[in-house]
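Shown next, in C-alpha cells, is the structure this report addresses.
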Amino acid sequence: MPHQDPRPALLCAIQCLVGMRLTPGTSGNLSVRGTWRDDLGSAPRPGFYITPTGMAYEGLTVDDLPFVGLDGTVRGRRKPSSEWRLHRDLYAARPEAHAVLHAHSTAAVALACLRREIPPFHYMIARFGGDTVRCAPYATFGTQALSDGVVAAMAGRRGCLMANHGMAVIGESLDQALDLGLELEVLCEQYARACQLAAALGAAGPVLLGAEAMAEALAAFGDYGKQA
C-alpha cells in the first residue's frame, strides 16, 4: 500500500502537463518519488509513481498510477511507462531529483533530430546547470542504453535533449519539473528561430554568450526563485 501517498499531486501535475501541450497523445511520461509498504509491518520501499503506458492522460485516476521500486519491482494495477528505466536511473543517480519529466514536445524533438547540443545563445541556458544543454545519443525507447545515455548527458545538469526522440528534465518538485520542461521547450523554439533568422540574413548563426557571461549567469541562478 502507498506510504505518504504522492499520487494526487502527480495526477494534478499530469493534468497540467496536458494543458501545456508538451505531451501529444500518450507520448511522454511524468513521475514523482515515493515509497511503498507491502503491509503495515514492512519497511518502506524507495521508488516512484509514474504514468502508465499507453493510456490517455485525461481519464487517469490515482489507482492508474503504478509504483516502481528502485529495484525494478512494480506495484499497482497498471503497467508503468515504457521509459520507467530512465526514471529509475535518474532517481538513483540524482538524489536531489523529486520529479522526472520526459516529453516529445515539438521544438525539442525538432532540435533533437539534429543531434546537437543547444549552445549558450541565451543566458537562460544556465538554468539547466551548465553553459549548454547536451543531447544524449540515440537508442531505442525503453532500453537500458537509452537510460544510460540520458543519465550521462544529465550529469551536473537539470535537462537534456534525446537524439531523434525528445527531452528529459529533473526537478526538486513536480512544479519545478513542469516549469523546466516548458522552459526547455521555449528555448528550443527560440534557438530554432534565431538560427532561421541568421540564415536569412546570411549570418553564421546567433551570437553566443562567452564563458564569462555564462559563468555569471550560472552564479546568479544559484538562488533563483528562492524566497527568504
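The values are calculated or read from the model by the stated rules, or taken from the named source; none is laboratory data. A quick note: this is a predicted structure, and the numbers were derived from the prediction, not measured. Note that we place each Cβ from the backbone using ideal geometry, even for glycine, and neighbour counts take in every protein chain shown. Quick note on the areas: whole protein, heavy atoms, side chains included, nothing else; ligands and nucleic acids left out. Shrake-Rupley method; radii C 1.70, N 1.55, O 1.52, S 1.80 Å.
Against the criterion of being open to solvent by less than 40 Å² (accessible area, probe 1.4 Å) and either modelled with pLDDT of 95 or more or assigned to a loop (DSSP other than H, G, I, E, B) (or both), D71 does not qualify. Considering only residues in the range 76-109 that are of a type in the set (K, R) and modelled with pLDDT of 95 or more, the one that is most open to solvent (accessible area, probe 1.4 Å) turns out to be K79. When you go through (1) in a helix (DSSP H, G or I); (2) under 15 Å from L178 (Cβ atoms); (3) touching a Gly at 6+ places or on another chain (Cβ under 9 Å) one by one for L22, which number turns out not to apply? All conditions are met except number (1). Of all the listed residues (D64, D39), the sole one being out of contact with any Ser or Thr (no Cβ under 8 Å at 6 or more places or on another chain) and open to solvent by 50 Å² or more (accessible area, probe 1.4 Å) is D39.
G47 satisfies every condition listed in (1) more than 16 Å from L178 (Cβ to Cβ); (2) open to solvent by 60 Å² or more (accessible area, probe 1.4 Å); (3) modelled with pLDDT of 90 or more except (2).
Entry remark, the range 107-147: residues being within 29 Å of A213 (Cα to Cα) and part of a helix (DSSP H, G or I) number 12 in total.
Kindly indicate the residue of the range 187-204 that is surrounded by fewer than 17 Cβ atoms within 10 Å (Cβ to Cβ) and in contact with a His (Cβ under 9 Å, 6 or more places away or on another chain) and also nearest to G166 (Cα to Cα) among those meeting that condition. Residue satisfying both the conditions and the ranking: Q190.
Among the listed residues V207, V151, identify the single one that is part of a loop (DSSP other than H, G, I, E, B), open to solvent by 10 Å² or more (accessible area, probe 1.4 Å), over 18 Å from P24 (Cα atoms) and touching a residue at least 24 places away in the same chain (Cβ under 8 Å). Answer to the selection: V207. Based on what the data block shows, is A97 touching a strand residue (DSSP E or B) at 6+ places or on another chain (Cβ under 8 Å), assigned to a loop (DSSP other than H, G, I, E, B) and under 21 Å from G149 (Cα atoms)? For A97, the condition - touching a strand residue (DSSP E or B) at 6+ places or on another chain (Cβ under 8 Å), assigned to a loop (DSSP other than H, G, I, E, B) and under 21 Å from G149 (Cα atoms) - is met. If you filter the range 119-147 down to residues that are farther than 19 Å from A192 by Cβ and hydroxyl-bearing (S, T, Y), you find that the one that is surrounded by the most Cβ atoms within 10 Å (Cβ to Cβ) is S147. Under the condition of being surrounded by 23 or more Cβ atoms within 10 Å (Cβ to Cβ) and either in contact with a Lys or Arg (Cβ under 7 Å, 6 or more places away or on another chain) or at pLDDT below 95 (or both), the residues counted in the range 162-178 number 2.
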